[in-house]
Structure formats: structure tokens, C-alpha cells
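I have placed the structure first, in the form of C-alpha cells, so that the comments after it can refer back to it.
The values are calculated or read from the model by the stated rules, or taken from the named source; none is laboratory data. Just so it is clear, the model here is predicted, and its values are computed rather than measured. In this analysis, Cβ positions are derived from the backbone assuming ideal geometry, glycine residues included, and neighbour counts consider all displayed protein chains.
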Amino acid sequence: MGADARTADEVLAQLRAYREHDAPTHGGRVLSYVYDHGRPELDEVAAQAMRLLQPVNGLDPTTFPSVALMESDLVAFGRSMLHGPTATGSVTSGGTESCLLAVKAARDHWVARGGSGRPRLVLSSSTHAAFHKAAHYFGLDAHVVPVEVGTGRAAPGALEAALGPDVALVVVSAPSYPHGVVDAIAEVAGAAADLDIPCHVDACVGGWVLPWWEEAGGDPLPQWDFRVPGVTSISADIHKYGYVPKGASLLLFADGELDLARYFATTGWLGYPVVNPTMLGTRSATSLAAAWAVVQTLGPSGYAGLTRRVVDATAAVVATVEGIEGLRILGDRQGPLVAVATDEDVEPQRRVDPLLWVAAVAERGFVLQGQPALEQSDGSVVPHTAHLTITPVTEGLVDELGAALVEGAAVVRGHALPSPEALSADGIPDPAALADAARDGGDLDLTSVLTLIEALPREASAGLLSAFLRRFTAPRA
Ligand SMILES: *Cc1c(COP(=O)(O)O)cnc(C)c1O
């Protein structure tokens, strides 16, 4: 049970000590997970809004109408931002919940229209894992179409060819998380509409930055929002480029019938009548309040200004990476995400392995995200990459970051990754030992972890990850 009652000062001091273990959330040194706007007053208004709504239960907006008022303001903002003047939807707890609900709605809609058996969910290899989770939770078969290794998107016509009467939903991304590639949304949504199949645009990461991309000086984008005929729903995470505290995503539907299929309602028990628009029952209204307050503070002009900084910083980072011998940018990318692979066109002793580069750049103060290689269903292999999410504060750091990227590459150029055999002589490593080492040393050798994930069969590596995290978070003996 731990210690008995303590003073607030003691408790908060311990919490501060816990927080010292964390990666920095501000300052632009972590190029994934966090989206730093560089404007402290936004954090302050969010904190005050959270405090105001702290005691409220978001379960029942008729008892707490502030919840409905904040949500409808955010939906109205989303309607205009995503060009869906009559769209409806909800604020959810995050991208995963938005994706789960888009699939749940499509599945129930498919069943309501006479579908029977197990429906398919058509994705590509670059579609976010949240849709694999949705297929797993809700009993759909994920049909994963390979991406072209060169472009990072499905070959023209390939997603369309996978459509059929047993497809409950097809998903395209704007852009994809791994490589920052915008899918062929108009083509896929049009083909889906011809067959009366819903098409979801996963704009979890792009939804709050692409709307301002072109006016902020970024390269022109193909249309990707509700203006595209056949797009039936869009997810757009407010807690990414909406710059609000974690716990807020927007899910909008063009079609009211599909939107209604998102709800769960029952009067078949002895308690209060239940109607849940999202996955949870009782829920905090604090992240909704923080999201509402930050969005109201920024307004469209605030987002346009922050997007300008992201556009400039992205151009600078791309130019730096393009100048590094042995690396290349993967895919036909657009927007604020960059994936970097080995340049196979230079001789082996001039190549840079992105996973070794990630480790070398970390020693120089910047955290990039390693992404393992994947063998796709057609046998092609998408190579491993280093992922960078560019944020407004990156702009003030482009010289320092650029130097770290260049120097990091110089120290690992020509080096080969350790072989998976060298890492686990007896086959499978012990996840408990890895977790204990990570907890004791505070440092996890991610290069080795990713190398092992590539080498092991997928079920084995997924099982290892679960066992690892279970141990990592368990109370110590
Ligand atoms: C982040 C992301 C998600 C999942 O969102 P969470 O907020 O992490 O649950 C889904 N799709 C894309 C494209 C994303 O970038």
C-alpha cells in the first residue's frame, strides 16, 4: 500500500522527482510524441481550463451542458477547417479512439444494410496501427495492401481493386504517420463511393496542419478533406498539430446515418438509460476543456502562423538531410513528417544506417524515432527508417539540429548494424531482462530492440513487446 497519508508538498515533490525521468516535452529536442508550439500562454490557458472543468463528469452533457457547448464549438471549428459544412461527430480521447469509432460505425452500418459474416477493413501497410487494433477488437479482417517502396503509397488502383461487397470501410491517410505520404484520396474515395462503401480519411496527424499548409507557403497538396466526393469520415487529432494537451481528437462524419452507428445506447438494464457517443462511460471533461480553450485562443490565424513555422522548419530539415551522403528521404512525402532511409545508390562504405544514425543523433541531444523494416504481403521490403515530426519550435533549432544530423551521420557512415544473431544467441531475448535493464539504467537500447523486431516472426515480436511493457510498469518486488 505504500506510505500512509502525506502532505500535498511531499506528494508533489515526489511527482516532480518522477517527472525528472521523462523526455523533455518542450524545446523541440524530441521529434515525435510531442508538438511544441513555443507559446507558454497556451499551456497556461489550457491548465486553467482543465482546472475549471476538473470536477465535471463528461458522461452526461444534459447534466453538464458545458460539455455539449465546448464539443459543438469544436465540431463547428472542424466543419469549417475540413470543409464539411454539415458534418457531425465528437471529440474523442485521442486518435486511436477516433479510428476505433470510425471502424465500429462502419461495421454496424454494414451489418444494418444486410452484411453478414466477417467484413473486411481495407488498409495499406502505411495505415496507422490503430486500424489493426480496430479490426482486432471489432471482428473485421484487415486486408492490408502493400505500399510501393519508392513512393510510400499503394500502387495506383491497388486499394480500389481490393474493394467489394464484404468491405465495411476503406482507410486512406493524410498523411501517413510512418513516411508522411498523402494517399491517393480522390481516386480511392471515388471508387468506394461508386460501390457505396464508406471511405475514412485518417488525418490524425495532418488534420490540424494541412488546412493551413499552402497559405503558409508549403507545397500544394491534393484535396484530402470533405471536399473530395466519397469521403465519409475524417479523424483529426487536436492533441497533435492542434497543440492541446493529450486526450483530444476530432472525429467527423459527412453522413448522419453513419455517424449514428457510432453510438452505443441501451435501456436494457436496471440503471439509468445509457447513451455513449464514444468508447468510455464516465469521462473527464478536462482535456475537452483544454482543447476548447487552446483552439479558441489560437483561432485560424494562430494556426496559420504556427503552420508557417512548421513549413519553414520542414524545408530546412529536408534540405539538410538531402545533403547528407548515405541517407535519402523515403517516399513521395508532403507535410511536416520526414522518414529517412539508407541511400542504396552510394557504395556500402558510404552508406548510413538510419537506426545507427538515430543513436548517434541522440548522443548529440535530439531524439528521432526508429521505425523497423517490414516485409509486405507481396514480398517487397520497406526498409527501416528514422522518423522526424517537425513542429513550430524546430524552426528556432534548425542550425543546431542540422549540425547534429550531419555529425551523427559522419560517425556511423559505413558502419553495419549488429546482426540479430549477435543480439540473441539463443533465439529470443528475455523481455523481463530487457525491461529490468531499462528501468535500472534508465536507458533502452532501441537499436537492438528494432533489429530484433525485424528478425523475429511478427507474432513473436508483438508478444515480446507486451511482456516487456508489462514488466516495465509492474511494481518492483
Ligand atoms: C497518431 C496517429 C494515430 C493514433 O493516434 P493516438 O492519438 O496516438 O491514439 C492514428 N493515425 C495517425 C495517422 C496518427 O498519426
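(1) touching a residue at least 40 places away in the same chain (Cβ under 8 Å); (2) more than 26 Å from LEU374 (Cα to Cα); (3) surrounded by fewer than 23 Cβ atoms within 10 Å (Cβ to Cβ): which one isn't true of LEU163, the others all being true?
The single condition LEU163 does not satisfy is (2).
Quick check, is VAL149 outside any strand (DSSP E or B) and either within 15 Å of the ligand (Cβ to nearest atom) or more than 19 Å from the chain's Cα centre (by Cα) (or both)?
Values: outside any strand (DSSP E or B): yes; either within 15 Å of the ligand (Cβ to nearest atom) or more than 19 Å from the chain's Cα centre (by Cα) (or both): yes.
In short, yes.
How do the helices (runs of 4 or more DSSP H) wholly within the stretch 395-477 filter down when requiring 2 or more residues that are among the β-branched types (Val, Ile, Thr) and surrounded by 12 or more Cβ atoms within 10 Å (Cβ to Cβ): which remain? Give the steps one after another, and end with the answer.
Numbers: elements: 398-412, 420-423, 431-441, 446-455, 458-473.
By residue number, 398-412, 446-455.
Inspect all residues belonging to the stretch 229-251 and state whether any of them is hydroxyl-bearing (Ser, Thr, Tyr), over 17 Å from THR92 (Cα atoms) and not in a helix (DSSP H, G or I). Reasoning before the result, please.
Taking the stretch 229-251 as the starting set, the residues that turn out to be hydroxyl-bearing (Ser, Thr, Tyr) are 232-233, 235, 241, 243, 249.
From what's left, over 17 Å from THR92 (Cα atoms): 232.
Then keep just the ones that are not in a helix (DSSP H, G or I); that gives 232.
Yes, there is a match, as at least one residue in the stretch 229-251 is hydroxyl-bearing (Ser, Thr, Tyr), over 17 Å from THR92 (Cα atoms) and not in a helix (DSSP H, G or I).
Please verify whether ALA13 is exposed (fewer than 11 other Cβ atoms within 10 Å of the Cβ), over 20 Å from SER93 (Cβ atoms) and either touching a residue at least 24 places away in the same chain (Cβ under 8 Å) or not charged (D, E, K, R) (or both), treating the condition exactly as stated. Spell out how you get there, then give the answer.
Numbers: exposed (fewer than 11 other Cβ atoms within 10 Å of the Cβ): no; over 20 Å from SER93 (Cβ atoms): yes; either touching a residue at least 24 places away in the same chain (Cβ under 8 Å) or not charged (D, E, K, R) (or both): yes.
The answer is no for ALA13.
From the list VAL181, VAL170, exactly one residue is assigned by TED's automatic domain parsing to the domain that holds GLY242 and either surrounded by fewer than 24 Cβ atoms within 10 Å (Cβ to Cβ) or in a loop (DSSP other than H, G, I, E, B) (or both). Which is it?
Details: VAL170 fails: either surrounded by fewer than 24 Cβ atoms within 10 Å (Cβ to Cβ) or in a loop (DSSP other than H, G, I, E, B) (or both).
Answer to the check: VAL181.
Away from the ligand (no atom under 16 Å from the Cβ), in a helix (DSSP H, G or I) and touching a strand residue (DSSP E or B) at 6+ places or on another chain (Cβ under 6 Å): is that true of ALA193 in this structure? Give the derivation first.
Numbers: away from the ligand (no atom under 16 Å from the Cβ): yes; in a helix (DSSP H, G or I): yes; touching a strand residue (DSSP E or B) at 6+ places or on another chain (Cβ under 6 Å): no.
Answer is no for this residue.
Filter the stretch 235-285 down to the residues that are more than 18 Å from LYS104 (Cβ to Cβ), in contact with a Leu (Cβ under 7 Å, 6 or more places away or on another chain) and away from the ligand (no atom under 16 Å from the Cβ) and list them by number.
Once the filter is applied, which keeps residues that are more than 18 Å from LYS104 (Cβ to Cβ), in contact with a Leu (Cβ under 7 Å, 6 or more places away or on another chain) and away from the ligand (no atom under 16 Å from the Cβ), the stretch 235-285 yields THR282, ALA285.
Out of the stretch 116-146, which residues are in a strand (DSSP E or B) and farther than 22 Å from HIS179 by Cα? I'd like the intermediate steps shown before the answer.
Of the residues in the stretch 116-146, the ones in a strand (DSSP E or B) are 120-124, 141-145.
Residues satisfying the conditions are ARG120, ASP141.
Return yes or no: is SER176 farther than 30 Å from ARG308 by Cβ and within 16 Å of the ligand (Cβ to nearest atom)? Write out each step before concluding.
Numbers: farther than 30 Å from ARG308 by Cβ: no; within 16 Å of the ligand (Cβ to nearest atom): yes.
When the stated conditions are applied, SER176 does not pass them.
Conditions tested, residue by residue: (1) aliphatic (A, V, I, L, M); (2) within 21 Å of PRO277 (Cα to Cα); (3) surrounded by 20 or more Cβ atoms within 10 Å (Cβ to Cβ); (4) within 24 Å of the chain's Cα centre (by Cα).
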position	(1), (2), (3), (4)
GLN48	no, no, no, no
GLN54	no, yes, no, no
THR63	no, yes, no, no
VAL67	yes, yes, yes, no
GLU71	no, yes, yes, yes
LEU74	yes, yes, yes, yes
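Here are VAL411, VAL381: which of them is closer than 29 Å to ALA319 by Cβ and over 24 Å from the mean Cα position of the chain (by Cα)?
Working: VAL381 fails: over 24 Å from the mean Cα position of the chain (by Cα).
Of the residues listed, the single one that is closer than 29 Å to ALA319 by Cβ and over 24 Å from the mean Cα position of the chain (by Cα) is VAL411.
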